[in-house]
Amino acid sequence: MRVDDFDFELPEDRIALRPVAPRHAAKQLIVRDGHVSDDCVENLVDHLDAGDLIVFNDTKVIPSYLFATRRSVNPTSQGDLHTECNLHKRDSPLAWWAFIKKSKRLHVGDVLSFGEGRVTATITEKRDGGEVLLTFDVAAGTLESVLAEIGLMPLPPYIASKRAVDDKDKEDYQTLFARKEGAVAAPTASLHFTEELLAKLADKQIQTAYLTLHVGAGTFLPMKVDDTKDHVMHAEWGVVSPDLAAQINATHRHGKRVIAVGTTVLRLLESATDEQGVTHPFSGDTSIFITPGYRFRCVDLLMTNFHLPKSTLFMLVCAFAGMETMKSAYEYAITHGYRFYSYGDSSLLFRQ
């Protein structure tokens, strides 16, 4: 399919720069059977039944946006170079793949200094597109604590380009159930949940469960191809436990539904589910790329925020609820004042 088929115009004032408070007060667009209706995240339980299973991503965002100074081993380089990088995927306990600015002026073997010399890292591999492998000079098990001291929360560029990252983002850009460190982008659909909303789910006897998918910065990269068949997704690491797989299969056997909170949850569950609709334990990388025509195997409802034009995530929601339906839903959301992207409002999509 042509990438341009997934384009739309979004006014700048529709991009949310802060979340609403309380989090569950965000608007929620209900998309079902080709029709849309307005609601609020606080009323999510009104659209679910007792026995349904709602699945969250318990990944935790690390402060992975770093300022760096290069002291080069390359004799052709002229002096120090100041740059910025965003870690996006762990390669080992001491090494991360990162997207880095001014990458053409960097070389394998260059040493980068972070946090005014607090820690250094060596570029041990370099790929096209500004991607490098950084191996940090720290003791194993200490890197996360160092990043917490020197790194910034990795807000997506459509927010960070409009305002400075601040201390409030340390709370706002983290979900209520963030447990396992490793993400460099938040599973933003989950940002709407509060203790009050979880209590409502429990009161209605709606099941809740968790998986882990460490969201990478690749989720924000623009597509650089004209046709979707030429796009290569960045891999992200995730785990579906044996208990969760069994819980999902039991939910479906009893005629109940599985609700994915976020595209991260949906992509991992679909990766873990076979063509017969049986979900299996999973541990490893997934680079699943879902476009219209994909046959969904596991997820029945998807709760998700509003995504960028021509993005892999907008393609995913078009595959889930129908391309024309989602184009109409986004047009409705834009004209009715919905707030878009990571800190924006929500949608609840019923599978077509």
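The values are calculated or read from the model by the stated rules, or taken from the named source; none is laboratory data. The structure presented is a predicted model; accordingly, all values stated were derived computationally and were not measured. Note that each Cβ is placed from the backbone with ideal geometry, even for glycine, and that neighbours are counted across all protein chains shown. Heads up: the accessible areas ignore ligands, DNA and RNA and are worked out on the full protein's heavy atoms, side chains in. Shrake-Rupley method; radii C 1.70, N 1.55, O 1.52, S 1.80 Å.
What whole number of Å gives the distance from the Cα centroid of the range 10-33 to the Cα centroid of the range 152-211? Going from one Cα centre to the other spans 14 Å. Solvent-accessible area assigned to carbon and sulfur over the chain amounts to 50 percent, based on a 1.4 Å probe. Would you work out if the range 148-293 is rounded, prolate or oblate? Take a ≥ b ≥ c from the square roots of the eigenvalues of the alpha-carbon gyration tensor; rounded if a/c is under 1.5, else prolate when a/b is larger than b/c, oblate otherwise. Oblate, because a/c is 1.5 or more while a/b does not exceed b/c.
Remark: the Cα gyration tensor places the range 118-160 in the oblate category, a/c being 1.5 or greater and a/b not exceeding b/c. Take every Cα pair under 8 Å whose residues are at least 6 apart in sequence, average their separation, divide by the length of the range 55-134, and the relative contact order is 27 percent. Relative contact order for the range 1-71: 16 percent, from Cα pairs under 8 Å spaced at least 6 residues apart, divided by residue count.
Annotation note: chymotrypsin sites (Phe, Trp or Tyr not before Pro) in the range 224-310 located in DSSP loop regions with a Cβ neighbour count of at most 16 within 10 Å are Phe289, Tyr294.
Distance from the Cα centroid of the range 244-319 to that of the range 104-141 is 35 Å (rounded to whole angstrom).
For the chain, what does the relative contact order come out to in percent, with C-alpha contacts under 8 Å and a separation of six or more?
25
Using a probe of 1.4 Å on the protein chains alone, the accessible area found for Lys200 is around 80 Å².
How about the range 225-275: which GluC sites (Glu not before Pro) there lie in a loop by DSSP and see at most 10 other Cβ atoms within 10 Å?
Values: sites: Glu236, Glu270, Glu275; in loops: Glu275.
Answer in residue order: Glu275.
Partner aspartates and glutamates whose Cα lies under 19 Å from the Cα of Lys89, excluding those fewer than 8 positions away in the same chain, are identified as Asp58, Glu125, Asp128, Glu131, Asp137, Glu144, Glu181, Glu236, Asp285. Checking every one of the chymotrypsin sites (Phe, Trp or Tyr not before Pro) in the range 1-70 against DSSP loop status and a limit of 15 other Cβ atoms within 10 Å picks out Phe8.
Please go through the residue pairs Lys168/Lys200; Lys200/Lys256; Lys60/Lys229; Lys162/Lys224; Lys180/Lys204; Lys60/Lys104 and name each one whose alpha carbons sit more than 20 Å apart in this structure.
Numbers: Lys168/Lys200 27 Å; Lys200/Lys256 18 Å; Lys60/Lys229 32 Å; Lys162/Lys224 24 Å; Lys180/Lys204 28 Å; Lys60/Lys104 31 Å.
Result: Lys168/Lys200; Lys60/Lys229; Lys162/Lys224; Lys180/Lys204; Lys60/Lys104 exceed 20 Å.
Could you give the accessible area per residue of the chain, probe 1.4 Å, as a whole number in Å²? Intermediate values should be presented prior to the final figure.
On the way: 15390 Å² over 352 residues.
The answer is 44 Å² per residue.
The GNM of the chain, with springs linking C-alpha atoms under 10 angstrom apart, assigns the highest mean-square fluctuation among Val55, Val111, Val265 to Val111. Among complete DSSP H helices in the chain, those whose alpha-carbon atoms stretch at least 15 Å along the helix's long axis and whose mean Kyte-Doolittle hydropathy reaches -1.0 are 242-253, 323-335.
Divide by every residue of the chain the summed helix terms, -39500 (n - 2.57) for each DSSP H run of at least 4, and state the resulting mean residue ellipticity at 222 nm, rounded to the nearest 500 deg cm²/dmol.
On the way: 8 runs with 70 residues, N = 352.
Taken over the chain, the calculation gives -5500 deg cm²/dmol.
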